[in-house]
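Let me begin by presenting the structure, written as structure tokens, before commenting on it.
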Amino acid sequence: MDETEKYLYALLQQQGITSHERFRELFRDFVSEEENSNYVKSIKLLQEKMTKNWQVIARREEIRTLQVAFPNGNQGKAYKSVFDINAYGLADLIRYNLIGFEGSGLRYDPETKIIEGIPENSGDIILDLSYNFDMEPDDAEPNHKKIIIIINPDPKSLWKDIPSDADGQFSVPDKVSETVSFLGKTLVVASNRGRSHAIKGSYRDDSYAYAELPSGWGVIAVSDGAGSAKYSRKGAEIACTSVINNLREHLTEENTKLLDEAIAVYAGNTSVAGRLQDIAYPYLSAAAKYAYNLIEAFATDLNAPVGDFHATLSFILVKKYQSGYAFLSFGVGDCPIVLVSKDLNVVKPLNKLDAGDFGGGTRFITMPEIFKKDDYDSRFNFEFTVDFPYVILMTDGIYDPKFEVEANLAKAEKWQQFFEDLRGNNNEDVTISFDARTSSIDAALLKWMDFWSPGNHDDRTLAILF
């Protein structure tokens, strides 16, 4: 039975006609007629055409509803993805192109099938995939499919930067920085308002101060005002400046003769370190207590509780001697003071951070009880080095994201990472050179301080003497 006979036999069966089974010879003659044979060929061609037409329509709908999802991108971050048609179930595409990248920061290379670039804005990039697949005629018009790449916003862009009121009570600049010559070295310091304040237009609570004293000592102080305290920015300012003023008045050349003699002895004999600390203690303690007294008096005049001025306080005294460098320090709160050797292999934290008597708390120079605690003496420290190290003071806006826990402050590898960060290994594309003595160092440091760290949006202050 040839193909024509099979086809007609099945056709009659479908119609419920069975006479061809009884008249087989007559049916074969019917099949062999050229006219009937041509009819069958025409019908089969029409069926094939209708089948193909349906397959094309169905495949177009399949592709139209096919989920083609490129990976999400992030605004300002490098993006790269391969448009692999096989992976998306589009292996039957014979001609295709992807357009719609104009103004997005991304581009598509038809040769490599790679989408890459840096997205300029957040939102949806709506692309047009024009294509033909293998079942379509050669002259078929291109089909079109919409594909979307989602670009997530840069988290920093979600934070508003509302200027603080320059004419408000106890107003301070939102950011400050400077590079100065200090004791024959270079001091670079920057203080930047945190995003948690910028989004509300409130003030920066950090403060700092420094001075060279007539006795040859230099002093650097930093303070972090408590975010919950109404006038903490003023408390931080008073804390820093009062320490400077008190030491300038009392740490005179005449008053420091005994201290200088003790340090000269200590440089060659570590057994007298305790004696030296006994001599230095009254000066440092008096400066710290003076800061408290001045803040308390200011609060009283304002008819405000001293708690409204809560602020930490860390300061360090530095002096060059013939045999090396002496460092005296005091700290209350969570602003680290650290000496780091120039090769970054030796680290010496000079103050113990304290978190107070409750989780997440801290101690402030505005708390009178700190002067009565048994551990008050432990807030003072002395160190002597032959070579001049990096002298670093910072507030927790730097300490928390970069060191996380106090134990890391004593690890050389963490400081090596920190200086790699400062020297260019960062997402801010900022490089800070500690070799060049230029006025641009503080500007670079201020720019570096804009680093992004999820959950860390406090004020940031960093002072480096080198």
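Computed values, structure above
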item: Overall dimensions of the stretch 334-466 as given by Cα atoms, namely Rg and Dmax in Å; result: 15.9, 47
item: Neighbour net charge for THR366 - beta-carbon separation under 10 angstrom, K R +1, D E -1; result: -1
item: 21 Å Cα-Cα reach of LYS348 towards lysines, excluding residues that sit fewer than 8 places from it in its own chain; result: LYS185, LYS319, LYS320, LYS402, LYS411, LYS414
item: Eligible aspartates and glutamates near LYS113 by straight Cα distance, threshold 19 Å, same-chain separation 8 or greater; result: ASP84, ASP92, GLU102, ASP128
item: Inter-site label distance for LYS348 and GLN417 at 7 Å from Cα along Cβ, in nm; result: 2.5 nm
item: Point-charge dipole on Cβ atoms (K/R +1, D/E -1) for the chain, about Cα centre, debye to 20; result: 880 debye
item: Nearest 10 degrees, 0 to 90: helix 34-65 Cα axis against the chain principal axis; result: 10 degrees
item: Distribution of pairwise C-alpha distances over the stretch 272-349, 10 Å bins, in %; result: 14, 37, 29, 14, 5, 0
item: Degrees separating the helix 232-250 axis from the principal Cα axis of the chain, which is the longest one; result: 30 degrees
item: Extended-chain gain in nm, criterion 0.36 nm per residue less alpha-carbon gap, ILE199 and ALA91; result: 33.9 nm
item: Label zone at ASP124 (point 7 Å along Cα-to-Cβ), backbone N below 14 Å, the stretch 58-84; result: 68-70
item: Inter-site label distance for VAL265 and ALA211 at 7 Å from Cα along Cβ, in nm; result: 3.0 nm
item: Peptides ranked, highest mean first, by Cβ atoms within 10 Å: ranges 80-93, 32-45; result: 80-93, 32-45
item: nm² value of the averaged projected area, convex hull over the Cα atoms of the stretch 3-65; result: 5.2 nm²
item: Cross-link partners of LYS41 among lysines (Cα-Cα below 20 Å; sequence separation of 8 or more within a chain); result: LYS6, LYS49, LYS52
item: Charge sum, other residues only, whose C-beta stays under 11 Å from LEU127's C-beta, Lys/Arg counted +1 and Asp/Glu -1; result: -1
item: Cα-based convex hull, the stretch 73-155, per residue volume (Å³, whole number); result: 88 Å³
item: Percent RCO, i.e. relative contact order, over the stretch 37-145, from Cα pairs under 8 Å lying at least 6 residues apart; result: 27 percent
item: Spin-label pair LYS44/HIS250, simplified geometry with 7 Å Cα→Cβ offset, distance in nm; result: 11.3 nm
item: Length added when fully stretched, GLU111-PHE371, from 0.36 nm per residue minus Cα-Cα; result: 86.3 nm
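We did not get these values from a lab; they are worked out from the coordinates using the rules stated. A quick note: this is a predicted structure, and the numbers were derived from the prediction, not measured. In this analysis, Cβ positions are derived from the backbone assuming ideal geometry, glycine residues included, and neighbour counts consider all displayed protein chains.
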